[in-house]
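Some notes on the structure that comes next.
The values are calculated or read from the model by the stated rules, or taken from the named source; none is laboratory data. Values in this document were obtained by computation on a predicted structure and should not be read as measured data. Please note: Cβ atoms are built from the backbone with ideal geometry, for glycine as well, and neighbour counts cover all protein chains shown. Ligands, DNA and RNA are excluded from the accessible area calculation, which covers all protein heavy atoms including side chains. Shrake-Rupley method; radii C 1.70, N 1.55, O 1.52, S 1.80 Å.
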Amino acid sequence: MRVHVVSDVHGNAEGLARAGEGADALICLGDLVLFLDYADHSRGIFPDLFGVENADRLVALRTARRFEEARELGRSLWAGLDREAAIEAAVRRQYAELFAAFPTPTYATYGNVDMPALWSQYAGPGTTVLDGRRIEIAGRVFGFVGGGLRTAMRTPYEISDEEYAAKVEALGEVDVLCTHIPPEVPELVYDTVARRFERGSRALLAAIEKTRPRYSLFGHVHQPLARRMRIGRTECVNVGHFAATSRPFALEW
């Protein structure tokens with residue numbers, strides 16, 4: 001059995017269409033939407049609407065952790081526009097292309113920048129969406145937890161620590177723990193390019209230490225200090241940033 005795993009697709013429909021080649025199944029751990037590419041500020045919903053110069057300004061403010069100034073810039077640009085309608089229309093265009101690229105079968109969960117309410121309208125019969133649920137694939141149990149924890153960035157699918165922990169707890173013991181965000185370990189949550197600690201989950205770390213899955217697979221942090229490390233018997237692997245590499249992580253058994 002061979003399963004390919006990707007995360008942080010961020011608009012890379014061309015790579016996604018090839019991601020399942022040679023595999024029996026594809027797993028996607030979210031962040032399909034590209035709102036703003038921090039490596040190329042000309043790509044994404046934000047620069048399409050407001051131009052590259054404003055995208056440069058927004059990235060600089062966020063990187064400097066000047067979040068209130070970043071929000072004020074956003075408020076000034078959105079003034080007079082229907083923000084929700086414009087973003088939803090852009091996300092729908094991206095989802096139409098991205099979900100069409102999924103091979104059959106695909107097992108997917110949400111990232112923090114995704115809009116879960118729209119997924120059922122685009123996921124075809126070959127795509128199974130899982131969040132706080134588990135599924136057996138060729139004799140191995142895979143558990144899925146989507147979304148992220150609340151931050152100053154206020155991305156679309158952020159939930160409380162308590163709600164997130166409840167979803168982790170509901171999985172019980174699994175062979176492969178599939179999440180969008182990493183466990184709360186400094187080497188796994190620090191982004192070396194953004195120069196900040198992203199939010200990881202203490203509940204995930206506790207579950208790994210308690211239930212000892214074979215793998216913990218995740219994305220979210222695009223340039224981590226460590227892409228791979230062991231916690232006890234569990235191999236923890238960052239499978240993003242797919243948008244930049246177009247390379248899936250392969251599991252074989």
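Of the numbered conditions (1) surrounded by fewer than 16 Cβ atoms within 10 Å (Cβ to Cβ); (2) not in a helix (DSSP H, G or I), residue 11 satisfies every one except a single condition; which is it?
Residue 11 satisfies every listed condition except (1).
Here is a list of conditions, (1) surrounded by 15 or more Cβ atoms within 10 Å (Cβ to Cβ); (2) touching a strand residue (DSSP E or B) at 6+ places or on another chain (Cβ under 9 Å), and residue 136 meets all of them except one; can you say which number that is?
Evaluating residue 136 over (1) surrounded by 15 or more Cβ atoms within 10 Å (Cβ to Cβ); (2) touching a strand residue (DSSP E or B) at 6+ places or on another chain (Cβ under 9 Å) leaves (1) as the failure.
Write out, first by first residue and then by second, each pair whose Cβ atoms fall under 8 Å of each other, whose residues are 6+ apart or on separate chains, and whose first residue, in the stretch 172-189, is open to solvent by 10 Å² or more (accessible area, probe 1.4 Å) while the second is charged (D, E, K, R) and outside any loop (DSSP other than H, G, I, E, B).
172/134; 174/134; 175/140; 184/202
With respect to residue 120, is the statement that it is without any contact (Cβ under 8 Å) to a residue 24 or more places away in the chain and not basic (Lys, Arg) true?
The answer is yes for residue 120.
Out of 161, 131, I need the residue that is modelled with pLDDT of 95 or more and open to solvent by 50 Å² or more (accessible area, probe 1.4 Å). Which one?
Working: 131 fails: open to solvent by 50 Å² or more (accessible area, probe 1.4 Å).
When all the criteria are applied, what remains is 161.
Taking the stretch 35-82, which residues are modelled with pLDDT under 90, part of a helix (DSSP H, G or I) and either open to solvent by 60 Å² or more (accessible area, probe 1.4 Å) or charged (D, E, K, R) (or both)?
Correct list: 62 only.
Being open to solvent by 30 Å² or more (accessible area, probe 1.4 Å), of a type in the set (Gly, Ala, Ser) and either touching a Lys or Arg at 6+ places or on another chain (Cβ under 8 Å) or under 30 Å from residue 215 (Cα atoms) (or both) is true for just one of 101, 89, 152, 85. Which residue is that? Steps first, answer last, please.
Numbers: 101 fails: open to solvent by 30 Å² or more (accessible area, probe 1.4 Å); 89 fails: either touching a Lys or Arg at 6+ places or on another chain (Cβ under 8 Å) or under 30 Å from residue 215 (Cα atoms) (or both); 85 fails: either touching a Lys or Arg at 6+ places or on another chain (Cβ under 8 Å) or under 30 Å from residue 215 (Cα atoms) (or both).
Going through 101, 89, 152, 85 in turn, the sole match is 152.
Looking at (1) buried (at least 19 other Cβ atoms within 10 Å of the Cβ); (2) in a loop (DSSP other than H, G, I, E, B), which is the one condition that is false for residue 4?
Of everything listed in (1) buried (at least 19 other Cβ atoms within 10 Å of the Cβ); (2) in a loop (DSSP other than H, G, I, E, B), residue 4 misses just condition (2).
Here is a check on your reading of the model: is residue 31 surrounded by fewer than 18 Cβ atoms within 10 Å (Cβ to Cβ) and out of contact with any helix residue (DSSP H, G or I) (no Cβ under 6 Å at 6 or more places or on another chain)? Show your work before the answer.
Details: surrounded by fewer than 18 Cβ atoms within 10 Å (Cβ to Cβ): no; out of contact with any helix residue (DSSP H, G or I) (no Cβ under 6 Å at 6 or more places or on another chain): yes.
In short, no.
Having 1 or more residues that are surrounded by fewer than 22 Cβ atoms within 10 Å (Cβ to Cβ) and touching a helix residue (DSSP H, G or I) at 6+ places or on another chain (Cβ under 7 Å) is the bar; report the strands (runs of 3 or more DSSP E) wholly within the stretch 200-253 that clear it.
Details: elements: 215-218, 228-231, 234-238, 249-252.
Where strands (runs of 3 or more DSSP E) fall fully within the stretch 200-253 and carry at least 1 residues being surrounded by fewer than 22 Cβ atoms within 10 Å (Cβ to Cβ) and touching a helix residue (DSSP H, G or I) at 6+ places or on another chain (Cβ under 7 Å), they are 228-231, 234-238.
Do you know which residues across the stretch 14-28 are surrounded by fewer than 20 Cβ atoms within 10 Å (Cβ to Cβ) and either in contact (Cβ under 8 Å) with a residue 24 or more places away in the chain or among the charged types (D, E, K, R) (or both)? Steps first, please.
The first filter runs over the stretch 14-28 and keeps only residues surrounded by fewer than 20 Cβ atoms within 10 Å (Cβ to Cβ), leaving 14-15, 17-18, 21-24.
Matches in the stretch 14-28: 14, 15, 17, 18, 21, 23, 24.
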